[in-house]
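Q: Below are the structure tokens for one structure; questions will follow.
Since every read-out is calculated from the coordinates, none of them should be taken as a lab result. Only a predicted model underlies this, so the values are computations on that prediction, with no experimental measurement involved. Methodologically, a virtual Cβ is constructed for each residue, glycine included, from the backbone with ideal geometry; neighbour enumeration extends over all protein chains shown.
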Amino acid sequence: MLRSCTAALRTLRALRGRREGASPAARDPVLVRRWFSTEKVIPKDYALPNPSWSKDLRLLFDQFMKKCEDGSWERLPSYKNSKLVKEQLSQAQLFTRGYEDGLGFEYVIFYNDDEKRTVCLFQGGPYLQGVPGFLHGGAIATMIDATVGMCAAIPGGIVMTANLNINFKRPIPLCSVVVINSQLDKIEGRKFFLSCTVRSVDEKILYSEATGLFIKLDPEKSLI
Amino acid sequence: MMRRGLQVAARLSHHGALPGGPYILPTFSPASAFGSSMDSMVSRFCQEKTDLKNYALPNASWCPDMLNLYHKFLEKTKADGWIRLPSFKSNRNHIQELKLPLVLTVSSDKSDCHIFTRCTETEGQSYEYVIFFHPSKKKSVCLFQPGPYLEGPPGFAHGGSLAAMIDETVSKTAYLAGEGLFTLNLNIRFKNLIRMGSLAVLNVGVEKVEDQKLYIPCVAQSTDQQTIYTKASGTFLQLQLEEDSSQYYTLCLQESLLPTALPTWDTLQSSGGCPGSNR
């Protein structure tokens, strides 16, 4: 989860910048990218619509972008590589961004700081299949881990998954859009307790429910 | 072989597999899950006479640990009752001429679907794994080597990729050992990180079968068994597949019992977007 934490930290800085009365120009994604990128190449933000996004996904995206206008919600940008990783292993890339448009994970995560909530709009493509015609349980688990992890990382900093418990209520058809809603329930010391639901766009179908426990890493200790 | 047609069956118990709506599912006859029926399931799964590419074979990216254990288990397939499971690009390839007896239509016209864990052609890039299954002991061993595409914390595998590998191994075991089809629950406790490019050994075994559900724990550890990476458990719903001469899935549930929580079926039907139902 460290990578998502690195991404979360960058986002956090951007969020704080905005809250401290940054000018509207600071919200410009190009400027934000330049701030963090020391290279000439500007990394692509994958959390933006592309031609593979279905109508449902685009509509939801627009709805949430409207919610961002008053500052209560923030869209989290999403990059394939973090600077940290590039130095270590050039081939490594964020697991969920390794597919061509529309084939794998198409998603965008929004964060609400007051409610300590993340919402992920997720469209799973044909390369994420399990039982023919449906999303692989592992792909769903990956997105739940990513969404819940981000919900813990933004307030908590560098966190790692300690436990994930997922109840699958209904199989998710391939290429459909779901909304993953994650909530920070409580913090006990370095333990972050979160819960999460996966629902259809109209919220009528509950596909999965999950709980997660994330641990804030002790900066004094090494990873292993 | 006994033909298993769709029958109006006893409802699943309220704490059964799919809460939120009453489902009438085919009667599951436990007797058919064992004995010679399992042998035929396994041989159908393995598709021995096929041109399909088998991804669960050694390649240049496999680390020495993985190659060693692979050969050790290959030896066991000769006399100890282990079977090396092939791994094709799509689960559809593993269940040819079978269909799901469910109400859900699927977008079955997509011929380019890949199973999640076989997403790239480049060796060593994402999931490198092979599963050995023991039919009579109802257990499996998966040798898993995560590649750079699966990175989470720098240099280590992403928790999600491990969750996927656990789900995949437990799924295949559930299917072959007891016709488990859908994951109902996955509970994973992450203990230690897996270094990218190193081997993780997943040990999986059916603990019990109750109320049309299979309970399957899974432990992932290092080659020398000194480090435990995760302890997990999966619960699976048993559902029998039916013989099907056509390629596509068909609908076969009584309309009056359609739970309102499945509008996708209606939506797809009315929009004409479900090729499966018309064939």
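Q: What is the projected area of the convex hull of the Cα atoms of the range A:122-207, averaged over all directions, in nm²? Spell out each step's value before the answer.
A: On the way: hull surface 23.2 nm².
Quarter of the Cα hull surface area: 5.8 nm².
Q: With the contact rule set at Cα under 8 Å and sequence spacing of 6 or more, what percent relative contact order holds for the range A:109-224? All intermediate terms of the calculation are to be shown ahead of the outcome.
A: Numbers: 234 pairs, mean separation 32.8, N = 116.
That works out to 28 percent.
Q: Averaged over peptide B:164-177, how many Cβ atoms belonging to another chain are found within 10 Å of each residue's Cβ? If you can, show how the numbers build up before the last one.
A: On the way: counts 11, 1, 3, 10, 4, 1, 2, 5, 0, 0, 0, 1, 0, 0.
Other-chain Cβ atoms within 10 Å of each residue's Cβ, averaged: 3.
Q: Please compute the modelled spin-label separation between A:Asp114 and A:Asp62, points set 7 Å along Cα→Cβ, answer in nm with one decimal.
A: According to this spin-label approximation, the distance is 2.5 nm.
Q: Report the extension gain between B:Arg44 and B:Glu207 in nm, rounded to one decimal, defined as 0.36 nm multiplied by the number of residues separating them, less their alpha carbon distance. Don't jump to the answer; show the numbers that get you there.
A: Working: separation 163, 0.36 × 163 = 58.68 nm, distance 2.44 nm.
Length gained, B:Arg44 through B:Glu207: 56.2 nm.
Q: Moving on. Relative contact order of the range A:116-159: what whole-number percent is it, with Cα pairs under 8 angstrom and at least 6 residues apart? Walk me through the numbers on the way to the answer.
A: On the way: 21 pairs, mean separation 18.8, N = 44.
RCO, the range A:116-159: 43 percent.
Q: Take A:Leu48 and A:Glu220, extend 7 Å from each Cα along the Cα→Cβ direction, and tell me the distance between the two endpoints in nm.
A: 4.4 nm
Q: Count, for each residue of A:95-102, the Cβ atoms from other chains sitting within 10 Å of its Cβ, then give me the mean as a whole number.
A: Details: counts 13, 4, 1, 8, 4, 0, 0, 0.
Mean partner-chain Cβ count within 10 Å for A:95-102: 4.
Q: Sticking with this one: Filter the cross-link list B:Lys72/B:Lys139; B:Lys138/B:Lys213; A:Lys55/A:Lys116; A:Lys116/B:Lys213; A:Lys216/B:Lys208; B:Lys138/B:Lys231 down to pairs whose alpha-carbon distance in this structure exceeds 26 Å. Please list the in-between numbers first.
A: Numbers: B:Lys72/B:Lys139 17 Å; B:Lys138/B:Lys213 15 Å; A:Lys55/A:Lys116 28 Å; A:Lys116/B:Lys213 36 Å; A:Lys216/B:Lys208 36 Å; B:Lys138/B:Lys231 18 Å.
Pairs exceeding the cut-off: A:Lys55/A:Lys116; A:Lys116/B:Lys213; A:Lys216/B:Lys208.
Q: Something else about it: What's the magnitude of the charge dipole for the range A:97-224 around its Cα centre, counting Lys and Arg as +1 and Asp and Glu as -1 at the beta-carbon? Answer in Debye, nearest 20. List each step's numbers first, then the result.
A: On the way: 12 positive and 14 negative charges, 64 e Å.
The dipole of the range A:97-224 has a size of about 300 debye.
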